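Novice: After the structure tokens below, expect a handful of questions from me.
The values are calculated or read from the model by the stated rules, or taken from the named source; none is laboratory data. Fair warning: this is a prediction, and the values are worked out from it, not measured in the lab. Neighbour counts run over all protein chains shown; Cβ positions are idealised from the backbone, glycine included.
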Amino acid sequence: MFYVNAWKSGTAILVALGMTAGTAAPIVMMAPASAQTTFPDVPSSYWASGFIQELVTRGIIAGFPDGSFRPEEPVTRAQFAAIVSKAFNKTPTRNPVQFTDIPAGFWATDAIQKAYTTGFLAGYPGNTFRPSENIPRAQVLVSLANGLNYAATGPVDSVLVAYNDAASIPDYARPSVAAATQKQIVVNYPDVKTLGPNQTATRAEVAAFVYQALVSTGQASAINSPYIVGAVPQGVRIPAGTALPVRYEKADKILLAKNEPNPTPITLKVSQNIVDAQGKVLIPVNSDVIGQLQTTQGGAQFVASQIVLPDGAQLPVSANSELITRTETVTKGANVGRIIAGTVVGAGAAAGISGVTGDRVIKAEEVLPGAAVGALAGFFLGKDRVDLIVINPNTDLNLTLASDLVIR
């Protein structure tokens, strides 16, 4: 049942990213020819086990000498610098800087400089780096988005509606978090809709974020996890008859002639997450629904042909709205400005309004794509009235799948 809901050896010294009691020196260990990739505190059922195992196998992160991984331990800025310096091999984009709080011989100096010069991390006022400061989840996402030169496409706030705690995302982080979201870098456990941007990132969370960043750059294969924000489960079939709630963002009303000469292409937005019975997002909110308005049988109907997910993935779809037959009559002498306020009109409707009223002031941005208005207006000249189909897009255009939608 479906519901609509508001829904990757060799011998090397590896930094273990932990600290011994009472000292600032990093714990290091010699990795044997076959490095440990499983840990007693990371069972196969652990939500981040796949991400952790892949990064350990790649030598990006490691366990501790006692054989544990300690997935819930916090990560400091110095430790995070060590991780990204191993994970990404980017050309420097700026000159090194001498941070005042990085002492001579500090274990992470080289990693911090690499993370800084390649754009993954920056310092604080006073030329400080704060290496021992725990790094928040939002800052990890900002680092990865900035280092990989990712920018959000479309309105940031529209992307961040994926999170029920979006209001707590710091202003400086919002564009980068949105970009990371669109690149499917964000992994939220246990609730995929809760970001927790100001919480300290754990070793498990950093492993998940960094691995997803590698996936986004084509350096790693995707892991199937229900906690990846925006990821669409594969091999899922949404049955015919399922309702798809949509909205139209350009106007509150659409007017069409009963004999619109051509189908009118428009793009709607999915207005709520489409989820399965377990709450897993199948079609994310704000996905585009591409199709056209067709006039037929004295009414109009929207027929969808494609869904474009926020990450750009395209799904062919067969879905349509109910037939809309409600009409509005425009007569000679009517106030055109009042008729089209908050409205977009089809080319045939625009020609009808102009021909009957004699008013040629309908702006191009108010006319939906279609035949040229001027070529049609003559058909209505001399008529006293024209009946137009009235569509309230946010209530009339909700869709029903005409056939199963398969997400491969």
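Novice: When segment 241-284 is examined, which residues are found to be part of a loop (DSSP other than H, G, I, E, B) and among the charged types (D, E, K, R)?
Specialist: 249, 250, 252, 258, 260, 280
Novice: Just one of 156, 56, 142, 75 is within 30 Å of residue 249 (Cα to Cα), surrounded by 22 or more Cβ atoms within 10 Å (Cβ to Cβ) and among the β-branched types (Val, Ile, Thr); which is it?
Specialist: Values: 156 fails: surrounded by 22 or more Cβ atoms within 10 Å (Cβ to Cβ); 56 fails: within 30 Å of residue 249 (Cα to Cα); 75 fails: within 30 Å of residue 249 (Cα to Cα).
On inspection, the qualifying residue turns out to be 142.
Novice: Only one of (1) modelled with pLDDT of 90 or more; (2) over 35 Å from the mean Cα position of the chain (by Cα) is not met by residue 31, so which one is it?
Specialist: (1)
Novice: Separate question: Would segment 263-283 turn up any residue that is over 25 Å from residue 180 (Cα atoms) and surrounded by 19 or more Cβ atoms within 10 Å (Cβ to Cβ)?
Specialist: yes
Residues checked against (1) among the charged types (D, E, K, R); (2) farther than 26 Å from residue 345 by Cα; (3) not assigned by TED's automatic domain parsing to the domain that holds residue 250:
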position	(1), (2), (3)
269	yes, no, no
280	yes, yes, no
289	no, no, no
316	no, yes, no
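Novice: Considering each of 198, 188 in turn, give the residue that is touching a Ser or Thr at 6+ places or on another chain (Cβ under 9 Å) and either closer than 22 Å to residue 49 by Cβ or exposed (fewer than 14 other Cβ atoms within 10 Å of the Cβ) (or both).
Specialist: Numbers: 198 fails: either closer than 22 Å to residue 49 by Cβ or exposed (fewer than 14 other Cβ atoms within 10 Å of the Cβ) (or both).
Matching residue, one of 198, 188: 188.
Novice: For the subset of segment 195-239 comprising residues that are under 30 Å from residue 402 (Cα atoms) and outside any loop (DSSP other than H, G, I, E, B), which member is modelled with the lowest pLDDT?
Specialist: Within segment 195-239, the match that is modelled with the lowest pLDDT is 236.
Novice: Can you say whether residue 319 is assigned to a strand (DSSP E or B), in contact with a Leu (Cβ under 6 Å, 6 or more places away or on another chain) and within 15 Å of residue 406 (Cα to Cα), as far as the supplied structure shows?
Specialist: yes
Novice: Something else now. So which residues in segment 331-343 are touching an Asp or Glu at 6+ places or on another chain (Cβ under 8 Å) and within 12 Å of residue 386 (Cα to Cα)?
Specialist: 331, 332
Novice: Give just the number: which of (1) modelled with pLDDT of 95 or more; (2) of a type in the set (Ser, Thr, Tyr); (3) exposed (fewer than 14 other Cβ atoms within 10 Å of the Cβ) does residue 45 not satisfy?
Specialist: For residue 45, the failing item is (1).
Novice: Then there's this: Filter segment 312-325 for residues that are modelled with pLDDT of 90 or more and either among the polar types (S, T, N, Q) or touching a helix residue (DSSP H, G or I) at 6+ places or on another chain (Cβ under 8 Å) (or both) and give the result.
Specialist: Once the filter is applied, which keeps residues that are modelled with pLDDT of 90 or more and either among the polar types (S, T, N, Q) or touching a helix residue (DSSP H, G or I) at 6+ places or on another chain (Cβ under 8 Å) (or both), segment 312-325 yields 318, 320, 321, 322, 324, 325.
Novice: Which of the residues that make up segment 69-90 are of a type in the set (S, T, N, Q) and at pLDDT below 95?
Specialist: 89 - this is the single residue of segment 69-90 that is of a type in the set (S, T, N, Q) and at pLDDT below 95.
Novice: Report whether or not residue 60 is under 14 Å from residue 208 (Cα atoms), at pLDDT 95 or above and in a loop (DSSP other than H, G, I, E, B).
Specialist: Criteria met by residue 60.
Novice: Also: I'd like the full set of residues that are among the polar types (S, T, N, Q) and in contact with a Phe, Trp or Tyr (Cβ under 9 Å, 6 or more places away or on another chain), limited to segment 260-278.
Specialist: Once the filter is applied, which keeps residues that are among the polar types (S, T, N, Q) and in contact with a Phe, Trp or Tyr (Cβ under 9 Å, 6 or more places away or on another chain), segment 260-278 yields 267, 272, 273.
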